[in-house]
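In what follows, a single structure is set out as structure tokens and then discussed.
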Amino acid sequence: MFDLRALYQEVIIDHNRHPRNCRRLDSADRIAEGYNPLCGDRLTVYVKVHEGVVEDVSFEGSGCAISVASASLMTEHIKGKTAHEVDQLFARFRSMVTDATPTEEGLGKLEVLAGVREFPARVKCATLAWHTLKSALSNEHSTVTTE
Amino acid sequence: MSVPSYSITAVNDADHRPELAARRQDFPILERCVRGQPLVYLDNAATTQKPRAVIEAMARYYRECNSNIHRGVHTLSQEATERFEEARVKVQRFIHAAHSHEIIFVRGTTEAINLVAQSYGRPQLKPKDEILITAMEHHSNIVPWQLLCEQTGAVLKAVPMNDAGELLLDEYVRLLGSRTRMLALTHVSNALGTINPIGEMIDHAHAHGVPVLVDGAQAVAHMPVDVQALDCDFYAFSSHKLFGPTGIGVLYGKTALLEAMPPYQGGGDMIKSVTLTKTQFNDLPYKFEAGTPHIAGAIGLGAALDYVQEIGFEPIGRHEHELLRYASDRVASLHGARIIGTAREKASVLSFVLDGIHPHDLGTVLDCQGIAIRTGHHCAMPVMERFHVPATARASFALYNTPGEADRLCAALRDAQRMLG
Ligand SMILES: Cc1ncc(COP(=O)(O)O)c(C=O)c1O
């Protein structure tokens, strides 16, 4: 059997079972909804930005283990970052889950999602939260979808 | 390759089964491995695998008589035309249509329904007219009608269903009103497996003067269809769900209705004569077959029909029914399992969710063991909404599946529960 543990690492399973920052953020000044029609995953990302820096971030929603864990890990990772830094991080994250020769450095704990690369059908699950975050930061008030 | 054995407990050994098990060998793809394991293909509602007879009929056409049809006087063109038209007659016999000109070759179910919506519906619908569908339709039997409603001001209504996934026939009768102009419903639900009582429903519709389109995409691989006995006005299906190639499908329509309808697309083959000011349309079925069709596809479909008829729907139906019951019992016995779609009359589809595990994760875990199922909304988002789930996992069976494969499915589901639950 293909080693599924490369995809579903303990950290991912833990973040799926006990997602961090999984709540509504009443003080949020940016909100966006993300939807992956392929699997029915739906997320809302809440962000509070202060002086160009992500002061707080949270998410709500339902989805597969990969999308929930990715959202949870993302919220842990981006607090204190500027929108520009978040963009760069997303670019590197996307490269990690899609490119044959990715640049993983600087992704820290997010690297547990590298196994997604072997499952092209799951890339959208891993990037849904990031797309939604990006839309929140650029203050587009529409629902983003991964299609 | 090891063919999963039939000596599984709780399945009684009807004598047709060894004969069907031998049929596995007709499908070359079933010999392959996926991620190091023999493929267990349980996504037949999405598309079925193709027997050697179909693959070869298509290759033979390309090898022996590839050419365009209805056009050339040369030998190849005549041979190709003959094989293409032979396929039409095979379809006619398969669904028991009165005439071969009632068989229109299209790309698939989706195109067939769009054709009826635009050619039959659009010219005659008025604002506030009603089109009736059901709550369990595939998007391809919803969206064409929504587009038509936008174009004409007609209103779309849907027959609701109960928690088992059965249509509420009282509601259906209530919804059939003086403004209803069309009933379009699925024969078998792709998301739930429900077999609808279409015969009875067609009779009711006709009593109100309402014509009926039946979406047969999920029915034709599992049960015999007799369009004259049903008395449906249109019947649509796709070849690829019936062991034939993709890119070809069938719209059956009653002669009188088809004759009264304007063409769907304009082009070559669908005309008798063209001047720059006026065109005289061709006779049925060519009026609806503009352009060069999928010739090899039609021939492949013909071979697929020969193939299933040679086996017969009696053994196929019995086998699939027992397999569905066996697999359903096994899945239902898993901790936290909920089967979505528990109609009394079901065909071949086992939709389910497992507590705490998203179907998409199940799909990946199963794929790693070489088991192909479908996860998601199955192009039936209103059905998901009705059952309050974002998605389901769906195993769907065909004549070549075995109880041993259902066992592998359940073992893999237990692995997923251990890992992710
Ligand atoms: C019930 C039903 N109707 C229509 C379709 C559409 O068929 P196709 O995509 O071949 O046009 C499908 C298959 O996906 C189906 O299951």
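The values are calculated or read from the model by the stated rules, or taken from the named source; none is laboratory data. Treat the numbers as computed from the prediction; the structure is a model and nothing was measured. Here the Cβ positions follow ideal geometry from the backbone for every residue, glycine too, while neighbour counts run over all protein chains shown. Side chains included, ligands, DNA and RNA excluded: accessible areas come from the protein's heavy atoms. Shrake-Rupley method; radii C 1.70, N 1.55, O 1.52, S 1.80 Å.
Here are the numbers for the structure shown:
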item: Whichever residue in region B:40-71 is surrounded by fewer than 19 Cβ atoms within 10 Å (Cβ to Cβ), among the aliphatic types (A, V, I, L, M) and more than 14 Å from every other protein chain (Cβ to nearest Cβ) and, among such residues, is nearest to the ligand (Cβ to nearest atom); result: B:ILE55
item: Residue among B:ASP415, B:ASP367, B:ASP407 that is acidic (Asp, Glu) and away from chain A (no Cβ under 11 Å); result: B:ASP407
item: Members of region B:360-381 that are within 16 Å of the ligand (Cβ to nearest atom) and either open to solvent by 10 Å² or more (accessible area, probe 1.4 Å) or of a type in the set (Lys, Arg) (or both); result: B:ALA372, B:ILE373, B:ARG374, B:THR375, B:HIS377, B:CYS379, B:MET381
item: Region B:338-356, residues that are more than 16 Å from the ligand (Cβ to nearest atom) and either at the interface with chain A (Cβ under 8 Å from one of its Cβ atoms) or acidic (Asp, Glu) (or both); result: B:ASP355
item: Failed condition for A:GLU118, given (1) of a type outside the set (Phe, Trp, Tyr); (2) open to solvent by 60 Å² or more (accessible area, probe 1.4 Å); (3) in contact (Cβ under 8 Å) with a residue 24 or more places away in the chain; (4) away from chain B (no Cβ under 14 Å); result: (4)
item: Candidates A:ARG17, A:ARG42, filtered to the one that is under 24 Å from A:ALA114 (Cβ atoms) and either within 14 Å of chain B (Cβ to nearest Cβ) or aliphatic (A, V, I, L, M) (or both); result: A:ARG17
item: B:VAL210, sole failed condition from (1) within 14 Å of the ligand (Cβ to nearest atom); (2) open to solvent by less than 10 Å² (accessible area, probe 1.4 Å); result: (1)
item: Test: B:GLY253 is of a type in the set (Gly, Ala, Ser) and either within 12 Å of the ligand (Cβ to nearest atom) or free of Cβ contacts under 8 Å to residues at least 40 places away in the same chain (or both); result: no
item: Positions within region B:102-123 being more than 16 Å from the ligand (Cβ to nearest atom) and not in a strand (DSSP E or B), in sequence order; result: B:GLU102, B:SER119, B:TYR120, B:GLY121, B:ARG122, B:PRO123
item: B:HIS74 open to solvent by less than 70 Å² (accessible area, probe 1.4 Å), more than 16 Å from the ligand (Cβ to nearest atom) and away from chain A (no Cβ under 14 Å); result: no
item: Test set (1) assigned to a helix (DSSP H, G or I); (2) within 11 Å of the chain's Cα centre (by Cα) - B:ALA229 fails condition number; result: (2)
item: Subset of region B:382-421 (residues that are within 16 Å of the ligand (Cβ to nearest atom) and over 23 Å from B:ILE29 (Cβ atoms)); result: B:PRO382, B:VAL383, B:MET384, B:ARG386, B:ALA391, B:THR392
item: Out of A:VAL97, A:VAL47, A:VAL57, sole residue that is closer than 30 Å to B:ASP355 by Cα, touching a helix residue (DSSP H, G or I) at 6+ places or on another chain (Cβ under 6 Å) and modelled with pLDDT of 95 or more; result: A:VAL57
item: Qualifying residue in region B:270-280 (condition: closer than 30 Å to B:MET182 by Cα, in contact (Cβ under 8 Å) with a residue 40 or more places away in the chain and touching a strand residue (DSSP E or B) at 6+ places or on another chain (Cβ under 9 Å)); result: no
item: Of residues in region B:382-403 being more than 8 Å from every other protein chain (Cβ to nearest Cβ) and assigned to a helix (DSSP H, G or I), the one surrounded by the fewest Cβ atoms within 10 Å (Cβ to Cβ); result: B:GLU385
item: Looking only at region B:404-421, and only at residues there that are among the acidic types (Asp, Glu) and farther than 28 Å from A:HIS15 by Cβ, the one that is surrounded by the most Cβ atoms within 10 Å (Cβ to Cβ); result: B:GLU405
item: Condition met for A:CYS22 (crowded, with 17+ Cβ neighbours inside 10 Å and closer than 23 Å to B:ILE357 by Cβ); result: no
item: Condition met for B:LEU362 (in the same structural domain as B:SER140 (by TED's automatic domain parsing), in contact (Cβ under 8 Å) with a residue 40 or more places away in the chain and not in a loop (DSSP other than H, G, I, E, B)); result: no
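A quick yes/no check of all residues on (1) open to solvent by 60 Å² or more (accessible area, probe 1.4 Å); (2) among the aliphatic types (A, V, I, L, M):
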{"residue": "B:VAL116", "(1), (2)": "no, yes"}
{"residue": "B:PRO123", "(1), (2)": "yes, no"}
{"residue": "B:LEU156", "(1), (2)": "no, yes"}
{"residue": "B:PRO160", "(1), (2)": "no, no"}
{"residue": "B:LEU175", "(1), (2)": "no, yes"}
